[in-house]
Each structure stands twice: as C-alpha cells, then as structure tokens.
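The values are calculated or read from the model by the stated rules, or taken from the named source; none is laboratory data. This structure is a prediction, so every number in the text was calculated from the model and none was measured. Don't worry about glycine lacking a Cβ; one is built from the backbone with ideal geometry, like all the others, and counts go over all protein chains shown.
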Amino acid sequence: MSQPALVLLLALGFTAAVTVAIASVTSARRARFARSVLILVVGVALSILGNLIAGAGLRLNASASMPPGIYRLAVVSPPEIHRGMLVAVCAPSRAAQLGRHRGYLSSGDCPENSEPLLKTIAAVGGDDVAISPRGVKVNGRLLHDSKPLAFDRAGRRLVSWPFGHFRMSHGTIWLYADNERSWDSRYWGPAPTRNVLAKAVPVLIKSASLIPFCERRPVVLRAPLAPHPRRAAGSVV
C-alpha cells in the first residue's frame with residue numbers, strides 16, 4: 001500500500017490541470033515565466049497534498065491481490081480485530097524477508113524494511129483452519145482461490161504452510177486475499193495480531209466485492225483437532 005504513489009498520482013493530475021490553464025492564458029513571450037510559476041505551484045501542491053493525505057490516512061493499492069484503488073487507514077485496537085476485517089498488516093519476519101528478496105514486497109516501514117500488506121483476516125484465535133492441496137478452509141468453509149501454488153510467476157518454488165487442520169491460538173490471525181497468487185498465510189501460516197497496523201476502509205476502489213465470507217458464524221468441526229499444523233501429519237484433509 002503506497003502513500004507516495006497516491007501523492008504522485010494526484011500531483012500529476014493537478015500539474016496537468018495547471019499546465020492547461022497556464023497555456024491557455026499565456027503567450028510565447030511569457031512561457032518561461034509560466035514554467036517557473038508551474039514549478040512553484042507544483043511544489044506547493046505536493047507539500048499540501050502530502051500533508052492532507054497523511055492526515056487522512058489514505059493509501060493507494062495497486063496490487064492485483066486486492067481490488068485496486070484508494071483506501072483509508074483507521075486506528076483499530078486489538079479487541080476490535082475480528083474475522084472478516086480488512087487490514088493493513090506487516091508480514092511475519094521470515095515471510096517479509098523472503099518477500100523482499102523475491103520482490104513480492106516493496107520497501108516500507110514494517111520490520112525487514114517491507115511495505116504493509118492489504119489483507120482480509122480470515123480467521124482469529126479459536127477458529128478452525130484446515131489447509132490442503134485444494135485450499136484453505138476456515139470453520140469448514142473453503143476460501144475462494146486459496147489453493148497454495150507450487151511456483152511463483154518467475155518459476156521459483158513456493159512452499160505452503162504444512163497441510164493439516166488445527167485451531168488458531170489466541171493472539172494470531174490468518175491473512176488472506178481472494179486471489180490465486182496472493183502472498184498470504186497459505187504460505188507462511190498465522191501472523192501475530194500485533195502485526196496489524198490499521199483497519200483499511202475502501203474509499204474509491206474498482207470492485208466492492210472484497211470479503212465473500214465476511215462475518216459468517218463459525219461452523220463447529222467434529223473431527224479431532226491437532227494443536228499445531230506441524231504435528232497434524234495424520235489429519236490431512
């Protein structure tokens with residue numbers, strides 16, 4: 001999620017508008033003066049836009065894993081975090097290292113110098129999660145396009161979180177995006193709740209269909225549950 005990109009996008013639009021306005025009222029003899037005025041106006045506009053956007057908590061999402069557009073980040077306290085919430089979140093340390101190394105993540109303010117991710121919280125502490133070659137189930141419901149892939153777009157091998165089913169522990173969340181190539185918990189498992197930076201509220205996006213399973217009540221599984229997926233080798237779904 002990029003704030004500088006949003007500033008630049010708005011500044012370019014503003015610059016184009018000012019350029020057209022100046023060009024329509026200036027002659028060739030005033031062209032040099034007009035260019036100086038334009039540079040000054042753009043500089044001031046960038047400063048003002050940066051402050052306004054920072055104050056409003058706006059971010060631009062251009063990644064394909066979530067609907068592209070503008071989102072507003074709002075403060076959220078740990079007790080408010082729940083399943084179905086759209087959040088700006090830092091990837092766990094090891095995932096962030098791999099993401100930066102392979103170019104999945106740009107630089108940012110998260111640990112490992114990585115940018116925040118825009119993801120949906122698919123499961124929280126106490127929820128039942130099952131991962132298999134078919135995809136990820138939360139409380140018995142299969143998440144759309146959650147199948148782990150064997151290779152990324154560059155042909156590099158991907159390693160999924162161990163197959164099996166388990167119960168989410170307190171203080172952890174399962175992150176997900178409705179996209180087959182989303183870099184999320186299907187590869188690196190639960191993330192600490194403390195990694196959530198803010199709640200993300202769509203302001204102007206391409207699609208409003210963000211969370212197909214949002215706020216649905218849990219479905220109780222009757223099968224015995226292992227405490228951790230790495231110890232659930234015999235309970236592959």
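A few points about this structure:
- Hits in the stretch 128-151 (condition: surrounded by fewer than 21 Cβ atoms within 10 Å (Cβ to Cβ) and farther than 13 Å from residue 184 by Cα): 128, 132, 133, 134, 139, 140, 141, 142, 144, 150, 151
- Of all residue pairs spaced 6 or more apart or on separate chains, those with beta-carbon atoms under 7 Å, a first member in the stretch 90-109 that is farther than 20 Å from residue 198 by Cα and a second member that is modelled with pLDDT of 95 or more and in a helix (DSSP H, G or I) are 94/188.
- A single entry from 217, 157, 141 fulfils the requirement of being at pLDDT 95 or above, under 18 Å from residue 82 (Cβ atoms) and not aromatic (Phe, Trp, Tyr): 141.
- Lone unmet requirement of (1) over 15 Å from residue 196 (Cα atoms); (2) in a loop (DSSP other than H, G, I, E, B) for residue 112: (2)
Conditions (1) at pLDDT 90 or above; (2) among the aromatic types (Phe, Trp, Tyr); (3) crowded, with 20+ Cβ neighbours inside 10 Å, marked per residue:
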residue: 66; (1), (2), (3): no, no, yes
residue: 73; (1), (2), (3): yes, no, yes
residue: 79; (1), (2), (3): yes, no, no
residue: 90; (1), (2), (3): yes, no, yes
residue: 93; (1), (2), (3): yes, no, no
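- Residues that are more than 19 Å from residue 65 (Cα to Cα) and either touching a Ser or Thr at 6+ places or on another chain (Cβ under 7 Å) or touching a residue at least 24 places away in the same chain (Cβ under 8 Å) (or both) number at least 2 in the following strands (runs of 3 or more DSSP E) confined to the stretch 135-178: 164-167.
- Residue tally, condition part of a loop (DSSP other than H, G, I, E, B), surrounded by fewer than 16 Cβ atoms within 10 Å (Cβ to Cβ) and of a type outside the set (Gly, Ala, Ser), over the stretch 180-212: 4
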